[in-house]
Amino acid sequence: MAVAITALTIGTTYHLRAYATNSVGTAYGQDIAFTTPNIPTLTTSAVTSITPVSATSGGSITADGGAAVTERGVCWSTTSNPTTALTTKVTSGSGTGTFSCNLTGLTASTTYYLRAYAINSAGTSYGDNVSFATSAAVVATVTTAEVTGVTLTAASSGGNVTATGGAAVTAKGVCWSTVTGPTVSLTTKTVDGSGTGTFTSAIASLSANSIYYLRAYATNTAGTAYGTEIIFKTPHSTLTDVEGNTYYAVQIGTQIWMRENLKTTKYRSQDIIVNETNNTAWSGLTIGAYCWYNNDAATYKNTYGALYNWYTITDSRGLCPTGWHVPTDAEWTTLSTSLGGESVAGSKLKEMGLTHWTSPNTCATNETGFTGLGGGFRYTDGTFSGIGIHGNFWTATEIDANYAYYRDLQYNYTTLYRSYPGKVSGLNIRCLKD
């Protein structure tokens, strides 16, 4: 039979004999010696990588005490000799040897006490009691979201607070000004909650045809941190085409450009422009025609506008709204020159971010408000390509019977390229005010 032996002391050697008693007397079996397990032996590692809110420590278990170590880790507190009864502990596996733990959720400028621990069947043992102090809080880390939905008087932006800096973020939002380096001392700011994470900001009371500088901010006890400054420009005015589509217009230098791609399906005369979806028929056109990218109006019309062949531009019935025209090659050159030349103009004309451009959308600032999109194009054979890669715009200037000049924005360059595709190509159009 088996008998449970209780009330033993850890780490103690005992002698045991079985016995049996009858009327003659008591007999004993052989003497067996055994030792109860002891608690593990371990040391606490030095505390390293100390920040306002985190640190690293661990321990080294040199002996398991005669029983397997089933749990090990570190525990900490703001009072000396913390134990595993606390919730402020981190486990790191089992067994003997060295181990490391990351401590999180600490408070800045605070002294803590820490011990490594190890558990086996005999109980819990602790390493040395080690003290350390977290560093002082620093300003939070915040990024600025791109500016979108810019109207004559309003826009949207926001940001993302990715680190508190060791102290609670009590306010976050965006601030803006007509001069560089806006701060929270201005009244032109939003307050969009507290803590970490993303937030959205509604920007109001803007003035038309104005350049603004905007930064996200996050405030804690260490001060206010700011994200990258973004430049944006409000539109100059609005215009409407013959179909009733309304567009924003933006002033760049002395010129006033449409901020969106033309999407009319009618000439100014109200006559319908040919919508050619067949590739073979498209390649043989000698009259004006348009299409939507991939012949998919539902997906592409509202955002990217239409793709027109060059013959729509010279049609006597007129393409742009009254008082507007398709810009010439020379007028596009005026634009790029005003922006510092073709080699840098592209970055100032492209919309920021990756919503309508493929990564990396090199150096896009959209500081002009032009908001060029990667609308793609239609080849002369009728096939489509380049969405998110190219933003191509016709000029009204031809080279010869088959070719005309255009401008090309690209996802991975800062340049506003000038070249000459076949007139049957389908490209976007931005109208220019007369």
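Does Pro421 fit the bill of being without any contact (Cβ under 8 Å) to a residue 60 or more places away in the chain and over 30 Å from Asn279 (Cα atoms)? Spelling it out, it is not the case that Pro421 is without any contact (Cβ under 8 Å) to a residue 60 or more places away in the chain and over 30 Å from Asn279 (Cα atoms). Scanning segment 290-311 for residues that are surrounded by fewer than 22 Cβ atoms within 10 Å (Cβ to Cβ) and either acidic (Asp, Glu) or closer than 17 Å to Thr395 by Cα (or both) yields Asp296, Tyr311. Among residues of segment 252-271 that are without any contact (Cβ under 8 Å) to a residue 24 or more places away in the chain and over 23 Å from Leu373 (Cβ atoms), none has a Cβ under 6 angstrom from a residue that is buried (at least 17 other Cβ atoms within 10 Å of the Cβ) and among the small types (Gly, Ala, Ser) at a sequence gap of 6+ or on a separate chain.
The residues on offer are Ser338, Ser347, Ser343, and the sole one that is crowded, with 18+ Cβ neighbours inside 10 Å and either more than 23 Å from Ile399 (Cβ to Cβ) or out of contact with any Lys or Arg (no Cβ under 7 Å at 6 or more places or on another chain) (or both) is Ser347. Does segment 316-326 include one or more residues that are under 22 Å from Thr151 (Cα atoms) and assigned to a helix (DSSP H, G or I)? No, segment 316-326 contains no residue that is under 22 Å from Thr151 (Cα atoms) and assigned to a helix (DSSP H, G or I). When segment 83-119 is filtered for residues that are among the small types (Gly, Ala, Ser) and assigned to a strand (DSSP E or B), the ones remaining, listed by number, are Gly97, Ser100, Ala116, Ala118.
In the condition set (1) buried (at least 21 other Cβ atoms within 10 Å of the Cβ); (2) within 37 Å of the chain's Cα centre (by Cα); (3) aliphatic (A, V, I, L, M); (4) closer than 22 Å to Ile39 by Cβ, Ala118 is compliant with all but (2). Within segment 16-56, being assigned to a loop (DSSP other than H, G, I, E, B) and in contact with a Lys or Arg (Cβ under 6 Å, 6 or more places away or on another chain) holds for Gly29, Asp31. Residue pairs whose Cβ atoms lie under 9 Å apart, sitting 6 or more positions apart in sequence or on different chains, and linking a residue in segment 174-193 that is assigned to a strand (DSSP E or B) to a partner that is acidic (Asp, Glu) and surrounded by 10 or more Cβ atoms within 10 Å (Cβ to Cβ), are Val174/Asp192. Restricting Val69, Val3 to those that are surrounded by fewer than 14 Cβ atoms within 10 Å (Cβ to Cβ), more than 35 Å from the chain's Cα centre (by Cα) and either modelled with pLDDT under 95 or part of a loop (DSSP other than H, G, I, E, B) (or both) reduces the list to Val3.
On inspection, Thr13 passes the criterion of being surrounded by fewer than 10 Cβ atoms within 10 Å (Cβ to Cβ) and not assigned by TED's automatic domain parsing to the domain that holds Trp76.
Return the residues of segment 312-324 that are farther than 16 Å from Phe377 by Cβ and buried (at least 22 other Cβ atoms within 10 Å of the Cβ); say none if nothing qualifies. Give the derivation first.
Of segment 312-324, the ones farther than 16 Å from Phe377 by Cβ are 314-324.
Once the filter is applied, which keeps residues that are farther than 16 Å from Phe377 by Cβ and buried (at least 22 other Cβ atoms within 10 Å of the Cβ), segment 312-324 yields Leu319, Cys320, Trp324.
Scanning segment 216-232 for residues that are in contact with a helix residue (DSSP H, G or I) (Cβ under 7 Å, 6 or more places away or on another chain) and crowded, with 21+ Cβ neighbours inside 10 Å turns up nothing.
Name the residues in segment 121-142 that are under 41 Å from the mean Cα position of the chain (by Cα), surrounded by fewer than 18 Cβ atoms within 10 Å (Cβ to Cβ) and among the hydroxyl-bearing types (Ser, Thr, Tyr), would you? Talk me through it step by step, then tell me what you get.
The initial filter retains those residues of segment 121-142 that are under 41 Å from the mean Cα position of the chain (by Cα), namely 130-142.
Now restrict to residues that are surrounded by fewer than 18 Cβ atoms within 10 Å (Cβ to Cβ): 131, 133, 135-136, 141.
Those that are under 41 Å from the mean Cα position of the chain (by Cα), surrounded by fewer than 18 Cβ atoms within 10 Å (Cβ to Cβ) and among the hydroxyl-bearing types (Ser, Thr, Tyr): Ser131, Ser135, Thr141.
All told, Val161 falls short of being in the same structural domain as Thr219 (by TED's automatic domain parsing), touching a strand residue (DSSP E or B) at 6+ places or on another chain (Cβ under 7 Å) and surrounded by fewer than 21 Cβ atoms within 10 Å (Cβ to Cβ). Could you tell me whether segment 132-147 includes any residue that is modelled with pLDDT of 95 or more, closer than 30 Å to Asn38 by Cβ and in a strand (DSSP E or B)? The answer is yes, given that some residue of segment 132-147 is modelled with pLDDT of 95 or more, closer than 30 Å to Asn38 by Cβ and in a strand (DSSP E or B).
With closer than 30 Å to Val142 by Cα and touching a residue at least 60 places away in the same chain (Cβ under 8 Å) as the only criterion, which of Thr234, Thr240 stands out? Steps first, please.
Working: Thr240 fails: closer than 30 Å to Val142 by Cα.
Result of the check over Thr234, Thr240: Thr234.
Apart from one condition, Thr104 fits all of (1) hydroxyl-bearing (Ser, Thr, Tyr); (2) within 25 Å of Met352 (Cβ to Cβ); (3) loosely packed, with under 14 Cβ neighbours inside 10 Å; the exception is (2).
Residues that are free of Cβ contacts under 8 Å to residues at least 60 places away in the same chain and assigned to a loop (DSSP other than H, G, I, E, B) were ranked within segment 57-66; the one that is nearest to Val169 (Cα to Cα) is Asp64.
The values are calculated or read from the model by the stated rules, or taken from the named source; none is laboratory data. In this text the structure is predicted, and so the values were computed from the model without any measurement. With ideal geometry, Cβ positions are generated from the backbone for all residues, glycine too; neighbour counts draw on all protein chains shown.
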